[in-house]
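Okay, so here's the structure we're looking at.
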Amino acid sequence: MTTSTLGRPNALANGLRILGDEWAMLIIQRGILGDRRYTEFKDALGISDAVLTQRLRELADLGVLRPVGDSSGRTTAYPIGIIGRDLWQVLLMIWDWEQAWSTASPPLPAMRHRSCGAVFRPMLSCGSCELPCSTSDLIVRWGPEGGWDRSIPRGGRRRRGSGPGLFPATMGVVGNHWSLAVLVAALWGTRRYGDFQSTLSMSPAILSERLRTLVAAGFLAEHPSEQRTDWLEYRPTARGTALLPVFALMVTWAERWFGRSDSPSVLLQHHTCGESLRPQLLCDRCREPVFGADVLVAESEMWQTNSIQPHHSQQ
Ligand SMILES: [Zn+2]
Ligand SMILES: [Zn+2]
C-alpha cells in the first residue's frame, strides 16, 4: 500500500475513532450509567463546553447518542442508544486492562460478578465453542473492506488536554490515532520499521516517534531481527498483547453497527475451533457468561445495561 490516497472509511475507522478518544469513551460510560443531560455530563467529567459540545455532536452523528428535543426543536437530552450501550464489553475490558497493567494510582476498584459473588476478571471467549480465546488463539485478517488506508480515522486531532483520566494508561497510547494504528499493526504481526511504514503509509518522522513512545510506555519491545541482527524488530510485550481483547471487541462492535455483514473490514477467527469469533466474556471464577448488568464495582452497580443483548446476530 504505497498510495497516499485514502479510501472510503470502513467500519473499523469508526471503531478506532471512538476508542482513540478518551472523552468519547468517558461520555459513553456516563451514558451507560444513566447520564443524559448536558449538565450531567459536564459535572461528571469536568469537561469544557467546547469539547463536550463537539463530542456530543460526533456521538450523535454516529448514532451512539440519540438526542431528544422539546417542541421548539431545542435538544434537551442526549440519552445513549443501543449502539452506545453495546460498547459495555469494550469498556469492561479496558477497565480490566487498567487494573492489571496500569501503574497509575489509585488503581481502579475491582469488579464483582453478581451471579457468583466473586471478584473476577472478564475472559474473552468464543461464542461458538465457548472456550476461552487467548491472544495466541486469535487469527486476525483483513476482510474485503479492510486495509489501513480505510481504517485510520480521519481528521486532525487536537491535543485532548488533561481529562479526568479514568483510563490513563490505555489512553496514553490509544488516544493518538497513529500510536493506535502502530500498536494494532504490531499486534497483527507487523515487526519491522519498513513494514510499518509501507503498511501504514506513515511519514518516517511520525513513525519513529510513535515507535519510541510505544517502547517507552512498555507496549512494544525492540529485538534484533532473526534475519539480520543489525535490524530491529518491534514486538508487542505482554502488556501490549493484553490489549488485543479490547481491539477484538471494538472490531466486533464496529462491524456490528457500521459494517456490511457480507463484506467486513476485519475477519476474526478462533483458531481452536476455526469459527469466526463471536466474542463473549466469561467470568474467570465461575466460567459463566458475564452480562453488563452482572458487573458490580465496589458495592455499587457499574453498568445498568439490562436492555443489552450482548450476543446480537451479526446479520
Ligand atoms: Zn471457538
Ligand atoms: Zn462468576
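Read-outs throughout are calculated quantities, based only on the coordinates presented, and are distinct from any laboratory measurement. Source: prediction; values computed, not measured. Ideal geometry is used to build each Cβ from the backbone, glycine not excepted, and the neighbour counts take in all protein chains shown.
For residue 48, enumerate residues with amide H under 5 Å from its amide H, sequence gap 5+ or separate chain, H modeled in the peptide plane.
Hits under the 5 Å cutoff: none.
Using θ = phi - 60° and the Karplus relation 6.51 cos²θ - 1.76 cosθ + 1.60, list the HN-Hα couplings for region 137-144 in order, rounded to whole Hz, with x at every Gly or Pro.
Going residue by residue, I get 8, 9, 9, 10, 9, 5, x, x Hz, with x marking Gly and Pro.
Positive end of the dipole of the chain, charges at C-beta (+1 Lys, Arg; -1 Asp, Glu), about the Cα centre: which of 147, 102, 279 has its Cα farthest in that direction?
Toward the positive end, the furthest listed residue is 147.
For the pair residue 285 and residue 129, what calculated FRET efficiency results from E = 1/(1 + (r/R0)^6), where r is the Cβ-Cβ distance and R0 = 22 Å, to the nearest 0.05?
The formula returns an efficiency of 0.60 here.
Counting Lys +1, Arg +1, Asp -1, Glu -1, what net charge surrounds residue 222 among other residues with beta carbon under 12 Å of its beta carbon?
+3
Scan around residue 267 for amide H atoms under 5 Å from its own, H built in the peptide plane at 1.01 Å from N, and keep only partners 5 or more places away or cross-chain.
Those qualifying (amide H under 5 Å, at least 5 residues apart or on another chain) are 141, 142, 143.
For the chain, find the longest principal axis of its Cα atoms and tell me its angle to the long axis of helix 244-258, 0 to 90°, nearest 10.
Once rounded, the angle reads 60 degrees.
Looking at the chain as a GNM with Cα springs under 10 Å, which of 199, 76, 170 has the largest mean-square fluctuation?
76
Along the Cα-to-C-beta direction of residue 223, a point sits 7 Å from the Cα; which residues of region 126-148 have their amide N less than 20 Å from that point?
134-140
How far, in degrees from 0 to 90, does helix 49-61 lean away from the longest principal axis of the Cα atoms of the chain, to the nearest 10?
Between helix and principal axis, roughly 80 degrees.
Using θ = phi - 60° and the Karplus curve 6.51 cos²θ - 1.76 cosθ + 1.60, what whole-Hz ³J(HN,Hα) does each residue of region 27-36 get, with Gly and Pro shown as x?
4, 5, 4, 4, x, 5, 6, x, 5, 9
Bin width 10 Å, alpha-carbon pairs only: give the P(r) of the chain as whole percents, running from 0 to the bin holding the largest distance.
6, 26, 36, 24, 7, 1, 0
Which residues' amide hydrogens lie under 5 Å from the amide hydrogen of residue 233, considering only partners 5 or more residues apart or on another chain, with H built in the peptide plane?
223, 225
For region 1-70, what D do you get in µm² per second when you plug the Kirkwood radius from alpha-carbon pairs into Stokes-Einstein at 4 °C and 1.567 mPa s?
97
Calculate the spin-label point distance for residue 209 paired with residue 193, positioning each point 7 Å from the Cα along the beta-carbon direction, and give it in nanometres.
Taking the two extended label points, one gets 1.7 nm.
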